[in-house]
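The values are calculated or read from the model by the stated rules, or taken from the named source; none is laboratory data. This one's a predicted model, so the numbers in the text were calculated from it and none came from an experiment. For neighbour counting, all protein chains shown are included, and Cβ atoms are generated from backbone atoms with ideal geometry for every residue, glycine included. Please note that ligands, DNA and RNA were not included when accessible areas were found on the heavy atoms of the full protein model with its side chains. Shrake-Rupley method; radii C 1.70, N 1.55, O 1.52, S 1.80 Å.
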Amino acid sequence: MAELKYISGFGNECSSEDPRCPGSLPEGQNNPQVCPYNLYAEQLSGSAFTCPRSTNKRSWLYRILPSVSHKPFESIDEGQVTHNWDEVDPDPNQLRWKPFEIPKASQKKVDFGLHTLCGAGDIKSNNGLAIHIFLCNTSMENRCFYNSDGDFLIVPQKGNLLIYTEFGKMLVQPNEICVIQRGMRFSIDVFEETRGYILEVYGVHFELPDLGPIGANGLANPRDFLIPIAWYEDRQVPGGYTVINKYQGKLFAAKQDVSPFNVVAWHGNYTPYKYNLKNFMVINSVAFDHADPSIFTVLTAKSVRPGVAIADFVIFPPRWGVADKTFRPPYYHRNCMSEFMGLIRGHYEAKQGGFLPGGGSLHSTMTPHGPDADCFEKASKVKLAPERIADGTMAFMFESSLSLAVTKWGLKASRCLDENYHKCWEPLKSHFTPNSRNPAEPN
């Protein structure tokens with residue numbers, strides 16, 4: 001496959017034409033009486049018309065046929081997709097999942113199989129989120145998907161994703177992420193058994209976090225986000241192309257006679273995009289103690305409360321650890337936020353065993369968590385020196401101000417729940433020395 005090209009920048013006003021049709025963007029207006037090449041003009045709005053310019057999101061698409069050219073939608077089986085957060089009773093325990101099992105193609109072909117793990121909030125009022133696991137073993141053939149409920153932040157863990165969108169094509173590999181925003185149609189080709197994680201947010205869009213005293217540069221820099229360039233196919237599929245829509249948490253399907261990826265040119269600031277996590281500029285403590293993990297935030301979806309997120313996407317990338325006189329692994333913690341963690345590759349520093357690539361963990365609101373006993377003993381006794389942390393590893397966290405409910409699939413049907421997770425803390429023992437304030441320092 002030829003190397004794909006992209007436009008650089010986050011949230012930029014961009015324009016792109018498929019080079020096979022030069023001059024396909026109208027000049028000086030959005031909606032001419034007759035578009036170049038006799039295309040249709042269609043606007044895709046990601047925000048209310050009257051939003052301030054800083055948050056106004058929309059793009060104009062110039063396409064062979066408008067997206068309205070389809071048969072009526074009909075309800076289809078949701079499978080393991082749900083927005084019912086009352087399926088099972090609440091469970092405040094620490095939860096950990098072994099790697100989620102990918103169906104074998106020889107047994108059942110699955111393309112972009114979504115499985116809702118947990119979530120909170122209300123789709124109809126545009127407030128909340130869901131965390132899904134996707135498991136697939138075959139490409140989406142003459143099928144596409146779009147989400148009327150929110151934005152998808154997709155984190156592939158195993159296998160490359162070739163994603164066709166109305167804006168062009170993206171190749172997204174493990175250690176990269178992509179965001180498919182609300183309403184954008186996409187189809188995914190896979191090349192092997194494939195697995196990953198999805199953070200879905202309702203009613204808001206992902207933004208770069210404010211940097212405050214960090215200054216103008218750092219964390220995920222805007223120039224490293226990549227937007228696809230225009231590409232179209234004029235392909236007839238008489239009665240045979242299926243458009244799947246997630247609407248109010250339910251799935252619907254409609255048939256149409258043409259590929260939906262028939263956009264010859266587009267312009268605007270409402271686009272899909274991808275980002276390579278290796279480009280994250282890590283900022284960390286260089287004296288003592290920890291900076292809070294919010295310093296590793298890649299993207300945030302803000303709530304109406306200042307400084308409080310519906311969801312943050314946080315990573316724990318390779319970096320130097322140099323903090324002096326400090327317990328360097330993550331500290332023990334009880335949090336007013338919910339923390340879902342996943343592992344793309346390697347070994348997470350606070351739990352070398354049990355937390356595996358393709359699995360996950362959920363530490364709910366105010367549920368205690370932290371390093372396992374083995375990690376505590378080693379980190380408390382090691383002689384401190386500058387060291388590399390997390391080389392060959394990429395763990396991440398979906399953090400939310402909402403109290404997340406686990407689905408029936410997450411607790412039972414996935415068959416991956418680790419019933420022994422709590423045992424990693426059982427060997428912790430008291431080191432209290434009431435007669436000696438100053439413990440001996442490691443040699």
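Taking the criterion of being open to solvent by less than 10 Å² (accessible area, probe 1.4 Å), within 25 Å of V155 (Cα to Cα) and not in a strand (DSSP E or B), the residues of segment 233-264 that qualify are G249, P260, F261. Scanning segment 80-103 for residues that are closer than 24 Å to K250 by Cβ and open to solvent by less than 50 Å² (accessible area, probe 1.4 Å) yields V81, T82, W85, V88, F100, P103. Taking into account only those residues within segment 313-325 that are open to solvent by less than 40 Å² (accessible area, probe 1.4 Å) and either among the acidic types (D, E) or part of a strand (DSSP E or B) (or both), which is farthest from G196 (Cα to Cα)? Of everything passing the filter in segment 313-325, G321 is farthest from G196 (Cα to Cα). All of E419, E426 fail the test of being open to solvent by 90 Å² or more (accessible area, probe 1.4 Å), touching a residue at least 40 places away in the same chain (Cβ under 8 Å), under 23 Å from D372 (Cα atoms) and out of contact with any strand residue (DSSP E or B) (no Cβ under 8 Å at 6 or more places or on another chain), apart from E426. Selection of first residues in segment 326-346 that are part of a loop (DSSP other than H, G, I, E, B) and of second residues that are aromatic (F, W, Y), restricted to Cβ pairs under 7 Å at least 6 apart or on distinct chains, gives the following pairs, ordered by first then second residue: T326/F288. The set of residues in segment 112-131 that are among the small types (G, A, S) and either under 30 Å from V304 (Cα atoms) or open to solvent by 50 Å² or more (accessible area, probe 1.4 Å) (or both) comprises G119, A120, G121, S125, G128, A130.
Within segment 104-111, is there a residue that is open to solvent by 60 Å² or more (accessible area, probe 1.4 Å), of a type in the set (D, E), assigned by TED's automatic domain parsing to the domain that holds K169 and over 17 Å from Y232 (Cα atoms)? Scanning segment 104-111 turns up no residue that is open to solvent by 60 Å² or more (accessible area, probe 1.4 Å), of a type in the set (D, E), assigned by TED's automatic domain parsing to the domain that holds K169 and over 17 Å from Y232 (Cα atoms). Taking segment 168-186 as the range and being under 22 Å from F261 (Cα atoms), part of a loop (DSSP other than H, G, I, E, B) and not charged (D, E, K, R) as the test, the residues that pass are Q173, Q181, G183, M184.
Filtered by the rule that a residue be open to solvent by less than 80 Å² (accessible area, probe 1.4 Å), of a type outside the set (K, R) and outside any loop (DSSP other than H, G, I, E, B), segment 25-69 gives P36, A41, E42, Q43, L44, S45, T55, S59, W60, L61, Y62. Quick check: anything in segment 351-369 polar (S, T, N, Q), at pLDDT below 95 and open to solvent by 60 Å² or more (accessible area, probe 1.4 Å)? Within segment 351-369 (the criterion being polar (S, T, N, Q), at pLDDT below 95 and open to solvent by 60 Å² or more (accessible area, probe 1.4 Å)), the answer is yes, since at least one residue qualifies. Of the residues contained in segment 145-167, one or more are found to be of a type in the set (D, E), touching a residue at least 60 places away in the same chain (Cβ under 8 Å) and part of a strand (DSSP E or B).
Taking D189 as the residue in question, decide whether it is free of Cβ contacts under 8 Å to residues at least 60 places away in the same chain, outside the structural domain of L356 (by TED's automatic domain parsing) and part of a strand (DSSP E or B). Spelling it out, D189 is indeed free of Cβ contacts under 8 Å to residues at least 60 places away in the same chain, outside the structural domain of L356 (by TED's automatic domain parsing) and part of a strand (DSSP E or B).
None of Q181, Q157, Q173 is touching an Asp or Glu at 6+ places or on another chain (Cβ under 7 Å) and not β-branched (V, I, T) except Q181. Taken over segment 194-223, the criterion of being closer than 18 Å to L171 by Cβ and either open to solvent by 20 Å² or more (accessible area, probe 1.4 Å) or in a loop (DSSP other than H, G, I, E, B) (or both) is satisfied by R195 alone.
Among the residues of segment 284-304, those identified as open to solvent by 80 Å² or more (accessible area, probe 1.4 Å) and either touching a residue at least 12 places away in the same chain (Cβ under 8 Å) or of a type in the set (F, W, Y) (or both) are V286, F288, D289.
Here M366, M397 are screened, and the one residue that is outside any helix (DSSP H, G or I) and touching a Cys at 6+ places or on another chain (Cβ under 9 Å) is M366.
Any residue that is touching a Leu at 6+ places or on another chain (Cβ under 8 Å), among the hydroxyl-bearing types (S, T, Y) and in a loop (DSSP other than H, G, I, E, B) - is there at least one of those in segment 12-20? There is no residue in segment 12-20 that is touching a Leu at 6+ places or on another chain (Cβ under 8 Å), among the hydroxyl-bearing types (S, T, Y) and in a loop (DSSP other than H, G, I, E, B). Examine segment 265-277 for a residue that is more than 30 Å from Q29 (Cα to Cα), under 24 Å from the mean Cα position of the chain (by Cα), open to solvent by less than 20 Å² (accessible area, probe 1.4 Å) and touching a residue at least 24 places away in the same chain (Cβ under 8 Å), and state whether such a residue exists. Within segment 265-277, one or more residues are more than 30 Å from Q29 (Cα to Cα), under 24 Å from the mean Cα position of the chain (by Cα), open to solvent by less than 20 Å² (accessible area, probe 1.4 Å) and touching a residue at least 24 places away in the same chain (Cβ under 8 Å).
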